[in-house]
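Working notes, structure below.
The values are calculated or read from the model by the stated rules, or taken from the named source; none is laboratory data. Note that this is a predicted model, so its numbers are computed, not measured. Here the Cβ positions follow ideal geometry from the backbone for every residue, glycine too, while neighbour counts run over all protein chains shown. The protein model used for the area step is the full one, side chains on, heavy atoms only, and it has no ligands, DNA or RNA in it. Shrake-Rupley method; radii C 1.70, N 1.55, O 1.52, S 1.80 Å.
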Amino acid sequence: MKNATLKGFLFAIIAASLWGISGTFGQFLFQQRNINVEWLITVRMLVSGFLLLMYAASQKQNNIFKIWYNKKDTAQLVLFSITGMLMVQYTYFAAIKHSNAATATVLQYAGPVLIAVYLAFKNKKIPRIIDFIAISFAVLGTFLLVTHGKVDSLNISTMALFLGLASAVALAIYTLQPIPLLQKYNSATVIGWGMLIGGLAFSFVKAPWTIEGIWDDKTYMYTAFIVVFGTLIPFYLYLTAVQIIGGQKSSLLASAEPLSATIIAILWLKVPFTPIDWLGSVLIISTIFLLSYEKKPKTKKVIV
């Protein structure tokens, strides 16, 4: 049991770290090799979606086409593919292009706060005090990250800020919208179809055969890494971790993503990150732990 738990923890941390690394590789491709963001998203989703579906199909007693037999489920799947899967990937990588991997990844992690607010309204429950603290931390952290404390100026472009916050909204949709589907179907099947449909839809924006940019050994290597090690493998590892240790613990361990993206961006790409950037990042990331806090029920003492 302990070995299985350790395996789940390792899988979640490795998945998050790979996502963070792929973000910095994306920054390199966009800013130093002029690779088109839309093209990379299209190729990434098409290839990863196809491979995930092949993996899902190889599992016993799993019909990957069953989800298409129900009209309501089909509509939910298409909605998830466009508003969730496609938008969370596009806004994230577009934010990287207009800023850097560290800033874009940290901004995306304001998503859990949006989820908490949405669920509070949906369930008609007054947010807990700790929820208000988390929201305050997220707002303050974002303010410090994008302004460095100067109200009259932005440290990043308006477009980068918009895309970063849009990626947080997309992350919230991506997390909440497919829950009914994941309760009925294999997770690899849902995500595989989501990626494939999203990739096919985005092909009309940027066809996968219209290749641009400077292509050398690094371009090929980093593109392959983003597709395989930045999408396919971490999704599989993360889903396995969720099955072993649950979604709550896995999502907490996913906070390794902004940390790995920040460290690699600073050390490798020489992205300037000041103490106030670190403070803003810590405030935003800490909201994940605050929102996950649940007060343990008091145990009644038995009087003998």
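Name the single residue, out of those in region 287-304 being in contact with a Leu (Cβ under 7 Å, 6 or more places away or on another chain) and not in a loop (DSSP other than H, G, I, E, B), that is modelled with the lowest pLDDT.
Across region 287-304, the extreme among qualifying residues is Ile288.
Identify, please: which residue in region 180-200 is hydrophobic (A, V, I, L, M, F, W, C) and open to solvent by 40 Å² or more (accessible area, probe 1.4 Å) and is, among those, nearest to Tyr55 (Cα to Cα)?
So the residue we want is Leu182.
Is it true that Lys122 is more than 30 Å from Trp68 (Cα to Cα), free of Cβ contacts under 8 Å to residues at least 40 places away in the same chain, surrounded by fewer than 21 Cβ atoms within 10 Å (Cβ to Cβ) and of a type outside the set (Ser, Thr, Tyr)?
Against the criterion (more than 30 Å from Trp68 (Cα to Cα), free of Cβ contacts under 8 Å to residues at least 40 places away in the same chain, surrounded by fewer than 21 Cβ atoms within 10 Å (Cβ to Cβ) and of a type outside the set (Ser, Thr, Tyr)), Lys122 does not qualify.
Considering each residue of region 83-102, count those that are more than 20 Å from Val227 (Cβ to Cβ) and open to solvent by 60 Å² or more (accessible area, probe 1.4 Å), and give that number.
1
Looking at this structure, is Thr147 β-branched (Val, Ile, Thr), at pLDDT below 80, surrounded by fewer than 19 Cβ atoms within 10 Å (Cβ to Cβ) and in contact with a helix residue (DSSP H, G or I) (Cβ under 7 Å, 6 or more places away or on another chain)?
Against the criterion (β-branched (Val, Ile, Thr), at pLDDT below 80, surrounded by fewer than 19 Cβ atoms within 10 Å (Cβ to Cβ) and in contact with a helix residue (DSSP H, G or I) (Cβ under 7 Å, 6 or more places away or on another chain)), Thr147 does not qualify.
What is the one condition in (1) open to solvent by less than 60 Å² (accessible area, probe 1.4 Å); (2) at pLDDT below 90; (3) within 25 Å of Leu290 (Cβ to Cβ) that Leu140 does not satisfy?
(1)
Consider region 155-179. How many of its residues are surrounded by fewer than 22 Cβ atoms within 10 Å (Cβ to Cβ) and either charged (D, E, K, R) or modelled with pLDDT of 85 or more (or both)?
Residues flagged as surrounded by fewer than 22 Cβ atoms within 10 Å (Cβ to Cβ) and either charged (D, E, K, R) or modelled with pLDDT of 85 or more (or both) within region 155-179 amount to 7.
Could you list, ordered by first residue, the pairs with Cβ atoms under 8 Å in which the first is in region 100-116 and of a type in the set (S, T, N, Q) and the second is surrounded by fewer than 24 Cβ atoms within 10 Å (Cβ to Cβ) and assigned to a loop (DSSP other than H, G, I, E, B), at least 6 apart or interchain?
Asn100/Leu269; Asn100/Val271; Thr103/Ile156
Against the conditions (1) crowded, with 23+ Cβ neighbours inside 10 Å; (2) at pLDDT 90 or above, where does Gln108 fall short? Just the number, please.
Failing condition for Gln108: (2).
Give Phe202, Phe162, Phe235 a once-over and let me know the one that is among the aromatic types (Phe, Trp, Tyr) and without any contact (Cβ under 8 Å) to a residue 60 or more places away in the chain.
Working: Phe202 fails: without any contact (Cβ under 8 Å) to a residue 60 or more places away in the chain; Phe235 fails: without any contact (Cβ under 8 Å) to a residue 60 or more places away in the chain.
After applying the criteria, what remains is Phe162.
Which residue out of Phe30, Phe93, Phe65, Phe25 is over 18 Å from Phe162 (Cβ atoms), in contact (Cβ under 8 Å) with a residue 24 or more places away in the chain and not basic (Lys, Arg)? Give the steps one after another, and end with the answer.
Values: Phe30 fails: over 18 Å from Phe162 (Cβ atoms); Phe93 fails: over 18 Å from Phe162 (Cβ atoms); Phe65 fails: in contact (Cβ under 8 Å) with a residue 24 or more places away in the chain.
Result of the check over Phe30, Phe93, Phe65, Phe25: Phe25.
Just wondering, is there one or more residues in region 126-145 that are among the polar types (S, T, N, Q) and under 22 Å from Ile266 (Cβ atoms)? Write out each step before concluding.
Looking only at region 126-145, we keep the residues that are among the polar types (S, T, N, Q), and these are 136, 142.
When the remaining residues are screened for being under 22 Å from Ile266 (Cβ atoms), the result is 142.
Yes, because at least one residue in region 126-145 is among the polar types (S, T, N, Q) and under 22 Å from Ile266 (Cβ atoms).
Quick check, is Thr42 in contact with a Pro (Cβ under 6 Å, 6 or more places away or on another chain) and crowded, with 20+ Cβ neighbours inside 10 Å?
So Thr42 passes the test.
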